[in-house]
Amino acid sequence: MDIEQFRKAGYQAIDRICDYYYTLQDKSVVSSVKPGYLRDSLPVEAPEAGEDFQKIADDYQKFIIPGLTHWQHPSFFAFFPTGCTFEGMLADLYASSTMNPGFNWACSPACTELEAVMMDWAAKLLGLSPEFLNTSGIGGGSMQSTASDSALIAVVAARSLYQRRHPSVTQSSLVIYTTTQTHSLGLKAGLILGLSVRALEVTWEDKFSLRGETLRKALEGDEREGKKPFILLATVGTTSSGAIDNVSEIGAVTKDYPDLWVHVDAAWAGVALSCPEYRETLHLNAINEHAHSFCTNFHKWGLTNFDASTLWVRDRKYLTDALDVTPPFLRSAEGDAGTVIDYRNWHLALGRRFRSLKLWFVLRSFGAEGFRDYIRRTINLNNIFASLVSASSVLSLMTAPSLALSVFRLDPKSASLNSTKALSPETLNDLNRIYYARISARKDILLTQTVLNGAVCIRFAVGAARTEEVHIRKAYQLLSEEGKLALEEWTKAGQNGNV
């Protein structure tokens with residue numbers, strides 16, 4: 001393809017992307033294809049001779065689009081949102097057009113320097129302490145692929161620091177602390193590094209938040225058994241329920257345990273720190289005082305196209321001490337002089353993508369005010385949904401709404417069952433499995449399920465940029481109707497002796 005052919009194909013690609021978004025609301029959220037559909041549709045090997053690009057572009061429309069789950073659909077309420085804006089798309093295009101591995105400043109100075117500046121912009125937007133700024137010369141931030149990678153990097157740095165301070169401690173005694181509501185990134189980090197992981201119990205009564213007393217008891221008990229907890233993966237906005245670990249109480253405990261690294265995973269909820277009214281709820285002051293590292297994903301609720309996970313550390317030396325490997329062919333005059341950041345030493349891989357260009361385009365286009373307006377709008381939409389569920393005769397909230405997330409379940413009141421007998425927890429779980437099976441069979445809406453201390457629940461996460469109040473009310477109506485149908489199905493099954 002020459003330059004003019006690329007120009008023509010590029011115009012067509014933009015036109016087709018625009019058409020996709022014009023018609024997105026009319027599409028099913030969930031694909032209707034069956035497993036293996038694509039292998040059955042494509043040749044078994046690459047073509048021997050090159051093909052006309054128009055055919056390739058047409059095959060994208062023919063084969064790939066039908067197999068997509070449309071995360072930007074206004075009726076997508078599953079998992080958490082994934083940021084996707086036209087500004088981010090264009091930034092990705094520009095970044096791809098000058099692709100470089102970005103492993104040190106000399107690769108392309110703009111890649112390193114824009115990332116350092118954008119991480120400071122983002123830190124200030126979220127209200128992080130000046131200690132986390134790259135301009136501090138001590139702490140700083142870098143962009144990673146995902147929050148899982150960010151957590152793994154934090155664990156590697158924390159382990160390295162602990163072992164340097166305590167060289168006689170064996171790796172087998174080291175322990176990663178998570179909670180029973182922590183994302184699977186904690187377990188995966190332990191699996192990758194061969195480390196023990198202990199999940200501290202969190203309860204309904206504490207709104208699934210890790211409290212200081214729970215942490216202290218665990219530390220004291222492990223200390224007596226000769227175990228060495230070296231990092232706590234605290235969460236601000238858990239996946240299952242949006243729970244917020246009590247970083248203030250955690251910080252008070254860790255004053256007595258200075259070797260315990262506190263990593264705050266705010267992958268989803270962290271961008272809400274851009275709104276001052278949520279900073280107290282999200283423990284910003286405690287994060288600024290006690291966290292060794294902090295992560296949030298701008299590619300979730302932050303309008304920035306995947307991938308754009310932002311990781312800050314209070315002391316960059318802990319990263320570079322753990323991760324710096326500089327063979328002769330990676331040395332540069334600027335790096336040797338210490339006048340630049342070589343971001344390869346701030347993460348696990350060598351090469352890096354030019355992610356910061358996306359954040360630059362998005363923050364400049366929306367502005368801090370527009371960014372905050374988007375966060376507030378989606379939270380307000382979730383509050384509308386939560387108020388509808390609260391007034392329902394068949395649906396009940398399982399936790400208080402957490403920012404733009406509600407967790408609910410089918411929980412019919414006695415009147416709707418023509419009975420005064422309350423349903424047992426086991427029966428409610430069976431009923432909600434039927435209910436979720438009905439919801440997940442639909443193509444016009446998508447939600448995900450979870451289990452909160454044994455209770456089967458359903459998550460409703462708002463965040464797609466095109467979701468409006470009409471979609472929230474439509475979703476509630478659909479979920480109410482499916483709830484009544486699930487109740488009828490369950491009742492009939494009971495009459496037939498099947499439950």
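The values are calculated or read from the model by the stated rules, or taken from the named source; none is laboratory data. In this text the structure is predicted, and so the values were computed from the model without any measurement. Here Cβ is always computed from backbone atoms with ideal geometry, including for glycine, and neighbour counts include all displayed protein chains.
Listed here are the residues, each with its yes/no results for (1) among the basic types (Lys, Arg); (2) under 30 Å from Ser241 (Cβ atoms); (3) touching a Lys or Arg at 6+ places or on another chain (Cβ under 6 Å).
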| residue | (1), (2), (3) |
| --- | --- |
| Arg16 | yes, no, no |
| Pro74 | no, yes, yes |
| Leu90 | no, no, no |
| Ser96 | no, no, no |
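The test for being touching a helix residue (DSSP H, G or I) at 6+ places or on another chain (Cβ under 8 Å), at pLDDT 95 or above and over 20 Å from Ile14 (Cα atoms) holds for Glu115.
Can Thr320 be described as at negative phi and buried (at least 21 other Cβ atoms within 10 Å of the Cβ)? Don't jump to the end; show me each part of the working.
Working: at negative phi: yes; buried (at least 21 other Cβ atoms within 10 Å of the Cβ): no.
When the stated conditions are applied, Thr320 does not pass them.
In the stretch 163-181 there is no residue matching the filter, namely being closer than 21 Å to Ala269 by Cα, charged (D, E, K, R) and either under 21 Å from the mean Cα position of the chain (by Cα) or loosely packed, with under 15 Cβ neighbours inside 10 Å (or both).
One line per residue, one yes/no per condition, for (1) surrounded by fewer than 20 Cβ atoms within 10 Å (Cβ to Cβ); (2) among the charged types (D, E, K, R):
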position	(1), (2)
Ile65	yes, no
Thr69	yes, no
His73	no, no
Phe76	no, no
Phe79	yes, no
Trp105	no, no
Ser108	yes, no
Glu113	yes, yes
Met118	no, no
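Just give me the residues in the stretch 132-161 being hydroxyl-bearing (Ser, Thr, Tyr), assigned to a helix (DSSP H, G or I) and in contact with a strand residue (DSSP E or B) (Cβ under 6 Å, 6 or more places away or on another chain), in sequence order. Let's see the steps before the verdict.
Quick first cut of the stretch 132-161, residues hydroxyl-bearing (Ser, Thr, Tyr) only: 135-136, 142, 145-146, 148, 150, 160.
Narrowing the set further to residues that are assigned to a helix (DSSP H, G or I) leaves 135-136, 148, 150, 160.
Residue satisfying the conditions is Ser150 alone.
Glu131 meets all of the listed conditions (1) within 24 Å of the chain's Cα centre (by Cα); (2) acidic (Asp, Glu); (3) closer than 17 Å to Asn288 by Cβ but one, namely (1).
Whenever a residue of the stretch 271-294 is acidic (Asp, Glu), its partners that are buried (at least 17 other Cβ atoms within 10 Å of the Cβ), lying with C-beta atoms within less than 7 angstrom and at least six residues away or across chains, give the pairs Glu289/Gly251. Asn429 meets each of the listed conditions (1) in contact with a strand residue (DSSP E or B) (Cβ under 7 Å, 6 or more places away or on another chain); (2) over 18 Å from Thr491 (Cβ atoms); (3) not aliphatic (A, V, I, L, M) apart from (2).
Sub-7 Å Cβ pairs linking a first residue in the stretch 466-493 that is assigned by TED's automatic domain parsing to the domain that holds Val394 and farther than 19 Å from Asn383 by Cβ to a second residue that is in a helix (DSSP H, G or I) and aliphatic (A, V, I, L, M), at least 6 apart or interchain, are Glu482/Ile439; Ala486/Leu431; Ala486/Ile434; Glu489/Ile434; Trp490/Leu431; Trp490/Ile434, ordered by first then second residue. Strands (runs of 3 or more DSSP E) wholly in the stretch 170-265 with at least 3 residues that are touching a strand residue (DSSP E or B) at 6+ places or on another chain (Cβ under 6 Å) and in contact (Cβ under 8 Å) with a residue 40 or more places away in the chain - which ones? The strands (runs of 3 or more DSSP E) meeting that bar are 174-179, 228-235, 261-265. Among the residues of the stretch 58-70, are any under 18 Å from Lys300 (Cβ atoms) and not small (Gly, Ala, Ser)? Yes, that holds for at least one residue. Listed by position, the strands (runs of 3 or more DSSP E) inside the stretch 361-465 whose residues that are among the hydrophobic types (A, V, I, L, M, F, W, C), in contact (Cβ under 8 Å) with a residue 12 or more places away in the chain and not assigned by TED's automatic domain parsing to the domain that holds Leu282 number at least 3 are 405-410, 455-461.
For the stretch 470-481, state whether one or more residues are modelled with pLDDT of 95 or more and of a type in the set (Ser, Thr, Tyr).
At the first step, the residues of the stretch 470-481 found to be modelled with pLDDT of 95 or more are 470-481.
Pick out the ones that are also of a type in the set (Ser, Thr, Tyr) and you get 476, 480.
Scanning the stretch 470-481, I find at least one residue that is modelled with pLDDT of 95 or more and of a type in the set (Ser, Thr, Tyr), so the answer is yes.
Residues that are over 25 Å from Phe361 (Cα atoms), of a type in the set (A, V, I, L, M, F, W, C) and touching a Ser or Thr at 6+ places or on another chain (Cβ under 9 Å) within the stretch 254-283 comprise Leu260, Trp261, Val262, Val264, listed in sequence order.
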